[in-house]
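For reference, the structure is listed below as structure tokens.
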């Protein structure tokens, strides 16, 4: 019988500086109810803020509006635009001329879209995908609000798309994650989808800003069209949360697999070497298609894994030169 309560996590969110990966060992699940959800989330938030600021120390100028000070908007070219502002990579990719225009320094809104669907409860490494996603969400929320900008939060995967309107500070984000701590894991085929969440954001987002999507991007790609529409008006960052075991099939004999989102059951013999090879090739092809989708729409992408390196992976992406603004 499935538990109706989520296991307590982040019991001690301090990072053990004596381990091999000091930036990333944000403590994962410990089976103890010592911390209330509010205290656990706020402690994790403090840890993540300290670490992300340390990893991005100095006069950091991120390449994404809402996470730094250099603000730009990508849009279609119109007569009169300075040809020096043409973004040639996007122009070549879309077949239509686009320009990158600097925006005036002003209050900017970031929309954070967080995946809480059943597939996010999977995890075979240091933590579940949802655990890593919540940490990533806190890091993005901190970066988005530290200069007084506004943050809106959208979660999907439960019975309905949950929306917290934009506000200054991380109050809304902390509240959303605390609610998740108290909620039973989403289960079954009735979960709301990424496509629905992106459609809601498209209707709510005003003016150019940042849309950060923290999800595993698994399953059908019905979200591609709404993602493309958002990318035409906003800077979009896709933060893919993955578990390394999802791309390999271990040799452990006959196994029954259950799709957590559709409920479909499949029984396979994993001792079949050809089947395992086909599984790996299929996983590689799905990754190739996923990356091609992001590239086609000019969406920035970073992959964070459950192996414990998600904070460093995110910071490394933000420090990378040449990330589109």
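The table below gives the values:
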| quantity | calculated |
| --- | --- |
| The one condition in (1) in a loop (DSSP other than H, G, I, E, B); (2) at pLDDT 80 or above that residue 125 fails to fulfil | (2) |
| Filtered residue count, segment 205-226, keeping only those that are more than 23 Å from residue 138 (Cβ to Cβ), modelled with pLDDT of 85 or more and either in contact with a helix residue (DSSP H, G or I) (Cβ under 6 Å, 6 or more places away or on another chain) or crowded, with 19+ Cβ neighbours inside 10 Å (or both) | 4 |
| Leading residue by the ranking (modelled with the lowest pLDDT) among those in segment 270-288 that are surrounded by 12 or more Cβ atoms within 10 Å (Cβ to Cβ) and over 27 Å from residue 116 (Cβ atoms) | 270 |
| When residues of segment 135-157 are limited to those that are touching a helix residue (DSSP H, G or I) at 6+ places or on another chain (Cβ under 9 Å) and assigned to a loop (DSSP other than H, G, I, E, B), the one surrounded by the most Cβ atoms within 10 Å (Cβ to Cβ) | 157 |
| Qualifying residue in segment 247-260 (condition: modelled with pLDDT under 75 and surrounded by 17 or more Cβ atoms within 10 Å (Cβ to Cβ)) | yes |
| Qualifying residue in segment 314-321 (condition: at pLDDT 90 or above, in a helix (DSSP H, G or I), surrounded by 14 or more Cβ atoms within 10 Å (Cβ to Cβ) and touching a helix residue (DSSP H, G or I) at 6+ places or on another chain (Cβ under 7 Å)) | no |
| Condition check for residue 311: touching a strand residue (DSSP E or B) at 6+ places or on another chain (Cβ under 9 Å), part of a helix (DSSP H, G or I) and modelled with pLDDT of 85 or more | no |
| Failed criterion for residue 132 (all others in (1) modelled with pLDDT under 85; (2) within 28 Å of residue 316 (Cα to Cα); (3) in contact with a helix residue (DSSP H, G or I) (Cβ under 7 Å, 6 or more places away or on another chain) hold) | (1) |
| Only listed residue being part of a loop (DSSP other than H, G, I, E, B), modelled with pLDDT under 85, outside the structural domain of residue 159 (by TED's automatic domain parsing) and surrounded by fewer than 20 Cβ atoms within 10 Å (Cβ to Cβ), chosen from 267, 324 | 324 |
| Test for residue 227: is it touching a residue at least 24 places away in the same chain (Cβ under 8 Å) and part of a helix (DSSP H, G or I) | yes |
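The values are calculated or read from the model by the stated rules, or taken from the named source; none is laboratory data. What you are looking at is a predicted structure, and each value in this text was computed from that prediction instead of being measured. Note that each Cβ is placed from the backbone with ideal geometry, even for glycine, and that neighbours are counted across all protein chains shown.
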